[in-house]
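This report refers to the structure that appears directly beneath it.
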Amino acid sequence: MKQTFAIGIGGAAGQGVATPGDIFAKIFSRRGLHLNAYNAYQSIIRGGHTLLTIRTGTEKVTNMGDRLDLLIPLNQDTMDRHLQLLTVGAACIYNADTIKPGPAADGVQLCPLPVSELADISRNKVAQNTLAMGAGLHMMGIGFQALEEVLREQFKKKGEAVVAENVGVARAGYDYAAAHFMAFPNPIPKTENRYAILSGNVAMAMGGAAAGVKFYCAYPMSPSTGVLHWMAAHARKAGIMVRQVEDEIGVINMTIGAAHAGVRAMCATSGGGFALMSEGLGMSAMIETPVVVINCQRAGPSTGVPTKTEQGDLWQMLGAAFGDYPRVIAAPLDIGDCFKLIPEIFNLADRFQCPGLVLCDLLLSEGRLSVHPKDLDFNQSIDRGELIMTNGNGNGASIAAARNGDYKRYKITDSGISPRAVPGVPGHIHTVATDEHMEDGVLISDEFTNPIKRRAMMEKRMRKVAGIEAAVPPPTLSGPRDADVTLIGWGSTKGVIEEACEILNEEGVSANQLQIRWLVPLHGEAILDILRDSRHTIIVENNYSGQFARYLRSETSFVPDGHIRKYDGEPFMPHHIVEAVKQQLAGQTKLSVPMHEIMV
Amino acid sequence: MATSVQRASQQLTMADLKGKVDPDWCPGCGDFGVLAAVQKALVELRIPTYNVVTISGIGCSSNFPGYMNTYGMHTLHGRALAVATGLKLANHELTVLVTGGDGDGFGIGGNHFVHSMRRNVDLLYIVMDNQIYGLTTGQTSPTSRIGMKTKSMPFGNIEAPVNPISLALAAGATFVARGFSGEQKHLTELIKQGIEHPGFSFLDVFSPCVTYNHDNTYQWFRPRVKKLEDDSAHDPTNWMAAMEKSLLWGEEIPIGKFFERTDVSTLHGAEPVLNNGPLVHGDLKVPPEVARSFVEELM
């Protein structure tokens with residue numbers, strides 16, 4: 001099994017959980033280590049409970065894992081919730097002045113810090129956090145220099161006195177641990193690699209910039225807001241127009257307006273905002289103006305649990321807006337893929353002049369992962385499809401050139417794709433309409449209804465579906481073809497299923513994985529070809545009703561042998577899947593709903 | 001619009017502005033007068049037709065773009081202003097006209113109406129206000145008067161109507177005017193001013209529905225409308241005075257330019273990202289050194 005080390009830092013919102021988290025993340029990344037971070041938090045600005053898990057290792061760390069090696073509770077509540085989950089070899093560093101430990105398992109090291117003796121707590125409100133970081137660092141076998149360097153950067157703006165004070169407090173924690181606590185047996189390793197650490201939201205925003213997005217607008221909604229924040233902060237450098245607007249209805253319509261003028265335009269939201277965008281998506285499809293819309297799923301329905309993860313919006317995406325129309329839907333597989341997917345889906349949306357939908361979720365949106373810088377390559381190939389633009393304002397063009405000519409915006413073609421001229425191009429004047437229309441854009445909805453023309457236009461648009469299917473690769477199986485069990489997942493569960501397969505293989509159950517990235521087009525035949533050979537199939541998904549299982553059945557008639565589902569707001573941990581697979585292979589159940597043991 | 005209005009190198013004619021099909025409005029509909037006035041204004045301003053985008057929502061008057069020979073978008077009910085905002089920000093060299101009705105703009109589109117005005121998006125928004133829902137065969141609209149009987153309120157409307165002029169003034173529109181489709185020359189002049197105004201121009205036009213509104217007819221409006229331009233005391237730079245005028249209703253109803261200010265930046269003018277010209281003409285690629293800095297800040 002992979003050698004990893006996981007730290008949990010917990011406390012009330014506002015107690016400063018994020019800062020030590022960021023600092024540890026930086027230290028690990030500068031040691032050339034991979035990491036995965038997940039913050040279990042609540043919809044509260046001050047108070048409540050939040051637990052940040054940072055897991056690091058020399059190999060790719062795809063999920064939060066099953067165990068904590070080091071717990072740093074910043075308040076009694078965190079101690080009470082999580083100490084009992086620590087197992088042999090783990091340690092807990094806490095403020096002995098204010099926090100009392102409960103019963104701990106054998107082999108768990110309790111590390112009380114006499115905070116008021118080690119630091120002036122009247123001056124430094126977060127002294128306990130800084131002391132704990134210093135102590136933890138020593139126990140992990142990392143030289144103090146690493147922490148000092150990050151603290152200097154962190155507090156540089158506040159002046160030398162603040163830097164010196166924080167470095168001093170951290171040093172006191174470091175030295176105290178050297179004298180009083182037992183170090184972990186395996187020091188945290190070091191490699192020569194360098195990784196970028198980023199969230200899925202940042203990755204999707206950067207992927208948008210790399211795809212050539214020039215217009216981004218949004219209405220704030222967790223957990224998608226991070227995309228807006230990155231876009232807003234980097235807009236001027238990247239030359240992107242970023243607007244925060246009145247509601248998600250405004251968002252989708254402005255995005256379509258900008259796209260119609262000829263730029264690449266994108267927006268992101270969560271399930272509730274996506275519901276408001278539904279009518280607009282139909283317009284994008286009907287007027288054949290491509291946009292990319294990201295839905296960062298959170299636990300629903302309705303306001304639901306805004307800070308918790310779920311894969312519960314698949315059918316909303318499949319059914320968004322009324323009527324039949326071509327669309328593309330993809331679910332990124334990990335945070336690196338959040339970057340890579342955006343230019344790919346823009347190329348498809350542009351080529352096929354239809355909406356491209358990205359189905360992300362809180363786990364990826366707000367989680368953080370180490371990604372190799374070469375996987376954040378901005379030099380992406382851009383295919384804008386059949387687009388007619390001018391690179392000027394048309395000044396001096398003659399009136400004759402401004403006449404319509406014989407340009408037909410919705411020309412009927414074999415591919416269903418009609419060359420798209422944008423406003424401002426002489427000689428291509430036309431009106432686009434959400435009403436059904438003829439090839440030249442004239443309505444056939446009111447005065448000139450005509451069943452033959454209506455049918456021809458429906459078929460023209462829907463012919464694009466075949467082209468989209470040919471442009472998207474079918475999914476592939478990873479792992480041995482003749483495994484005992486095939487685990488089928490989609491989107492963000494890739495990492496945790498991968499690790500569950502590794503554990504199963506080590507424990508004598510051979511497992512392989514079929515992870516779906518492109519939901520529309522699905523490539524049902526290719527999936528059936530794979531699953532026909534599988535001995536035992538289980539669909540793993542983060543929702544109540546098995547939304548993907550129902551979709552797969554509707555497209556292919558395929559019924560799996562079992563299901564593993566979770567809808568408590570928290571993501572899967574590897575052992576949840578491993579234990580459920582074993583139970584199902586032993587014939588104990590066909591539907592497992594693992595209990596999330598961590599109270600967050 | 002204003003600073004970037006493009007001029008055609010040759011004289012335009014009314015025929016140049018005529019769309020592919022003729023309007024399917026009821027004979028006598030007020031919207032014919034608005035269409036003619038808009039076409040006349042574009043001819044007189046000599047704006048190349050391919051640089052104009054006419055954007056509408058849904059409703060009788062929203063069929064408008066199809067009757068024009070400009071680029072057009074017939075969008076969703078109430079959403080024309082949002083679509084127009086995105087389009088204008090992506091290519092601010094285009095002249096953007098937004099057309100629609102009172103239900104489209106003040107009912108379902110009320111949210112976008114208010115926010116577009118406070119943003120000072122540079123476009124002309126013409127509402128063909130007939131105080132009724134026509135395409136859905138005669139229901140009460142946000143501008144229907146109290147007591148008006150319609151199919152949806154057969155015993156008379158009990159809700160107070162919105163006052164579009166006061167609302168526009170309060171929301172920060174930088175050009176606020178009212179026209180009457182029975183006053184062609186006056187209306188054409190207001191449209192020209194609205195197109196040339198730098199910022200959000202709101203033009204509410206009394207455009208009688210001859211089929212479903214038997215209260216607010218041409219005959220009802222004609223003796224009541226009084227041109228603000230004929231009132232030498234009216235100062236369109238005085239916001240308070242404009243607000244007071246906006247409240248007049250009854251025997252005397254003012255039409256004309258209530259208010260204009262040009263000291264407020266347009267939305268596109270306030271955004272430095274557009275300093276190098278329209279986004280649509282820019283390079284799609286992020287410069288390599290900028291891209292590198294984006295990745296390095298994560299390391």
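The values are calculated or read from the model by the stated rules, or taken from the named source; none is laboratory data. All values derive from a computational prediction rather than experimental measurement. Every residue, glycine as well, gets a Cβ built from its backbone with ideal geometry; the counts of neighbours run over all protein chains shown. To get the accessible areas, we keep the full protein, side chains included, count just its heavy atoms, and leave off ligands, DNA and RNA. Shrake-Rupley method; radii C 1.70, N 1.55, O 1.52, S 1.80 Å.
Remarks
- Region B:240-266 - residue that is among the charged types (D, E, K, R) and not in a strand (DSSP E or B) and, of those, nearest to residue A:264 (Cα to Cα): B:263
- Evaluated against (1) part of a strand (DSSP E or B); (2) under 23 Å from the mean Cα position of the chain (by Cα), residue A:61 falls short on exactly one condition, (1).
- Looking across region A:437-474, the residues that are touching a Leu at 6+ places or on another chain (Cβ under 8 Å) and in contact (Cβ under 8 Å) with a residue 40 or more places away in the chain come down to A:468, A:471, A:472.
- Boolean, residue A:439 is open to solvent by 30 Å² or more (accessible area, probe 1.4 Å), in a helix (DSSP H, G or I) and of a type in the set (Asp, Glu): no
- Screening residue B:67 with (1) of a type in the set (Phe, Trp, Tyr); (2) within 14 Å of chain A (Cβ to nearest Cβ); (3) out of contact with any Lys or Arg (no Cβ under 9 Å at 6 or more places or on another chain) gives one miss only, at (3).
- Scanning region A:472-497 for residues that are out of contact with any Phe, Trp or Tyr (no Cβ under 7 Å at 6 or more places or on another chain) and either among the hydrophobic types (A, V, I, L, M, F, W, C) or part of a helix (DSSP H, G or I) (or both) gives A:477, A:483, A:485, A:487, A:488, A:491, A:492, A:494, A:495, A:497.
- Within the set A:385, A:467, the sole residue that is under 30 Å from residue B:295 (Cβ atoms), more than 7 Å from every other protein chain (Cβ to nearest Cβ) and at pLDDT 95 or above turns out to be A:385.
- 2 or more residues within 15 Å of the chain's Cα centre (by Cα) and of a type in the set (A, V, I, L, M): qualifying strands (runs of 3 or more DSSP E) within region B:47-165: B:52-56, B:95-101, B:123-129
- Candidates are the residues of region A:251-286 that are away from every other protein chain (no Cβ under 12 Å) and part of a strand (DSSP E or B); the one that is surrounded by the most Cβ atoms within 10 Å (Cβ to Cβ) is A:268.
- If you go through region A:465-504 and keep only what is among the acidic types (Asp, Glu) and touching a Lys or Arg at 6+ places or on another chain (Cβ under 8 Å), you end up with A:482, A:484, A:499, A:502.
- Given (1) open to solvent by 10 Å² or more (accessible area, probe 1.4 Å); (2) polar (S, T, N, Q); (3) within 30 Å of residue B:282 (Cβ to Cβ), index of the condition residue A:289 fails: (1)
- Any hit, region B:267-280, residues being within 19 Å of residue A:382 (Cα to Cα) and either more than 9 Å from chain A (Cβ to nearest Cβ) or not in a strand (DSSP E or B) (or both): yes
- Residue count for region A:551-580, restricted to those that are without any contact (Cβ under 8 Å) to a residue 12 or more places away in the chain and not in a loop (DSSP other than H, G, I, E, B): 2.
- For residue A:108, the stated conditions hold: it is among the β-branched types (Val, Ile, Thr), more than 28 Å from residue A:165 (Cβ to Cβ) and open to solvent by less than 30 Å² (accessible area, probe 1.4 Å).
- Candidates A:173, A:159, filtered to the one that is free of Cβ contacts under 8 Å to residues at least 60 places away in the same chain and more than 14 Å from every other protein chain (Cβ to nearest Cβ): A:159
- Any chance residue A:359 is surrounded by fewer than 24 Cβ atoms within 10 Å (Cβ to Cβ) and either within 14 Å of the chain's Cα centre (by Cα) or assigned to a helix (DSSP H, G or I) (or both): no
- Single match in A:234, A:260 (criterion: farther than 29 Å from residue A:489 by Cβ, under 24 Å from the mean Cα position of the chain (by Cα), at pLDDT 95 or above and not β-branched (Val, Ile, Thr)): A:234
- The set of residues in region A:168-196 being surrounded by fewer than 19 Cβ atoms within 10 Å (Cβ to Cβ) and part of a helix (DSSP H, G or I) consists of A:168, A:171, A:175, A:178, A:179, A:180.
- Region A:528-537, subset out of contact with any Phe, Trp or Tyr (no Cβ under 7 Å at 6 or more places or on another chain) and open to solvent by less than 30 Å² (accessible area, probe 1.4 Å), residue farthest from residue A:357 (Cα to Cα): A:534
- Residue A:203 part of a helix (DSSP H, G or I), surrounded by 24 or more Cβ atoms within 10 Å (Cβ to Cβ) and more than 13 Å from every other protein chain (Cβ to nearest Cβ): no
- Lone unmet requirement of (1) of a type in the set (A, V, I, L, M); (2) within 17 Å of the chain's Cα centre (by Cα); (3) within 23 Å of residue B:26 (Cβ to Cβ) for residue B:267: (3)
- Meets criteria (over 26 Å from residue A:263 (Cβ atoms), β-branched (Val, Ile, Thr) and at pLDDT 95 or above) for residue A:444: no
- Filtering B:68, B:117 for residues that are within 18 Å of residue B:198 (Cα to Cα), open to solvent by less than 10 Å² (accessible area, probe 1.4 Å) and touching a helix residue (DSSP H, G or I) at 6+ places or on another chain (Cβ under 7 Å) leaves a single hit, B:117.
- For region B:12-34, taking the residues that are open to solvent by less than 10 Å² (accessible area, probe 1.4 Å) and in a helix (DSSP H, G or I), the one that is nearest to residue B:197 (Cα to Cα) is identified as B:34.
- Residue in region A:37-60 that is closer than 21 Å to residue A:170 by Cβ, within 14 Å of another protein chain (Cβ to nearest Cβ) and surrounded by 22 or more Cβ atoms within 10 Å (Cβ to Cβ) present: yes
- Residues within region B:80-110 that are open to solvent by 10 Å² or more (accessible area, probe 1.4 Å), closer than 14 Å to residue A:250 by Cα and either more than 14 Å from every other protein chain (Cβ to nearest Cβ) or touching a Gly at 6+ places or on another chain (Cβ under 7 Å) (or both), tallied: 1
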